[in-house]
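K.L.:
The structure follows.
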Amino acid sequence: MSATGPGVFDKTLQEANHWLKLMMVELGTDSHHAAFGALRGTLHALRDRIGPENAVHFGAQLPMLLRGAYYEGWRPARTPTRERHLEAFIEHVAAELPRASKTEAGDAARACFAVMSRCLDRGEMMKLRHLLPHEALNLWPDGLLHDA
C-alpha cells in the first residue's frame, strides 16, 4: 500500500486510539472525550511553552490525527510563553482544557506526560524536559526524572 493510501489512515487512527486509551487509564476514566480534552489541552500548553522551532519538531513525533489537534489554533508569533513555575504552567493547561472539563489541569498534564513517555522516543522526552519550567518535573514520570 502506498504511503498515502487508506492504510495510512487506519494506522494513524489506531495510534491515536492507543494514546487515548492510555490517557483514559492514566486519568481513571472511561470517557474518550475527557481523555482527548486532557491530552489536547496539555499538548497545546506544551506547544506554546517550547517555542515554534521545538514545537514543530515535537509535533512531527505525534500520530497524524493527534498532530492536527496539536496544531489547531496555534499562533506561533505568541510563543514561547514564559511560565517559570509549575503553577503558571498548570494554569496554562487549565486554560486549554475544554470548558466543561472535570479533569484537574495537573492530572491532565501528569497523564499526558506519562503517555508521552510510553509512546515517544526517550531522547525526545529528555529534550522536552529541559524546555519546561524546572518545577514541571513534579508532573514527570519517575523513570525520566533522574536522567540528565
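K.L.:
What's the number of the only condition in (1) in contact (Cβ under 8 Å) with a residue 60 or more places away in the chain; (2) among the polar types (S, T, N, Q); (3) crowded, with 17+ Cβ neighbours inside 10 Å that residue 12 fails to meet?
P.N.:
Only one criterion in (1) in contact (Cβ under 8 Å) with a residue 60 or more places away in the chain; (2) among the polar types (S, T, N, Q); (3) crowded, with 17+ Cβ neighbours inside 10 Å is unmet by residue 12, namely (1).
K.L.:
Could I ask something else about it? Could you list, in sequence order, all residues of region 63-80 that are surrounded by 13 or more Cβ atoms within 10 Å (Cβ to Cβ) and aliphatic (A, V, I, L, M)?
P.N.:
Across region 63-80, the qualifying residues are 64, 65, 66, 69.
K.L.:
Of the residues 48, 30, only one is crowded, with 21+ Cβ neighbours inside 10 Å and of a type in the set (Asp, Glu); which?
P.N.:
Values: 30 fails: crowded, with 21+ Cβ neighbours inside 10 Å.
The conditions single out 48.
K.L.:
Same structure again: Considering (1) buried (at least 16 other Cβ atoms within 10 Å of the Cβ); (2) of a type in the set (Asp, Glu); (3) assigned to a helix (DSSP H, G or I), say which one residue 83 fails and leave the rest.
P.N.:
Unmet for residue 83, out of (1) buried (at least 16 other Cβ atoms within 10 Å of the Cβ); (2) of a type in the set (Asp, Glu); (3) assigned to a helix (DSSP H, G or I): (3).
K.L.:
Moving to a separate point now. Within region 86-132, take every residue that is in a loop (DSSP other than H, G, I, E, B) and in contact with a Gly (Cβ under 9 Å, 6 or more places away or on another chain) and give me the one that is farthest from residue 50 (Cα to Cα). Steps first, answer last, please.
P.N.:
Looking only at region 86-132, we keep the residues that are in a loop (DSSP other than H, G, I, E, B), and these are 97-104, 120-121, 130-132.
Restricting the remaining residues to those that are in contact with a Gly (Cβ under 9 Å, 6 or more places away or on another chain) gives 97-98, 100-101, 103, 131.
Values: 97: 18, 98: 22, 100: 27, 101: 24, 103: 23, 131: 6 Å.
Among them, the one singled out is 100.
K.L.:
When you look at residue 68, is it more than 12 Å from the chain's Cα centre (by Cα) and modelled with pLDDT under 90, yes or no?
P.N.:
So residue 68 fails the test.
K.L.:
How many residues are farther than 21 Å from residue 95 by Cα and assigned to a helix (DSSP H, G or I) when one looks only at region 14-57?
P.N.:
Qualifying residue count, region 14-57: 13.
K.L.:
Return yes when residue 126 is among the aliphatic types (A, V, I, L, M) and either in contact with a Ser or Thr (Cβ under 6 Å, 6 or more places away or on another chain) or modelled with pLDDT of 95 or more (or both) and no when it is not.
P.N.:
Against the criterion (among the aliphatic types (A, V, I, L, M) and either in contact with a Ser or Thr (Cβ under 6 Å, 6 or more places away or on another chain) or modelled with pLDDT of 95 or more (or both)), residue 126 does not qualify.
K.L.:
Looking only at residues in region 96-118 that are touching a helix residue (DSSP H, G or I) at 6+ places or on another chain (Cβ under 7 Å), among the charged types (D, E, K, R) and farther than 11 Å from residue 27 by Cβ, which one is surrounded by the fewest Cβ atoms within 10 Å (Cβ to Cβ)?
P.N.:
It comes out as 118.
K.L.:
Now a separate question. Could you list, in sequence order, all residues of region 44-71 that are within 23 Å of residue 6 (Cα to Cα) and free of Cβ contacts under 8 Å to residues at least 60 places away in the same chain?
P.N.:
Quick first cut of region 44-71, residues within 23 Å of residue 6 (Cα to Cα) only: 59-71.
Of everything in region 44-71, those that are within 23 Å of residue 6 (Cα to Cα) and free of Cβ contacts under 8 Å to residues at least 60 places away in the same chain turn out to be 59, 60, 62, 63, 64, 65, 66, 67, 68, 69, 70, 71.
The values are calculated or read from the model by the stated rules, or taken from the named source; none is laboratory data. All values reported here derive from a predicted model rather than from experimental measurement. When we count neighbours, we look across all protein chains shown, and the Cβ atoms used for this are built from the backbone with ideal geometry, even at glycine.
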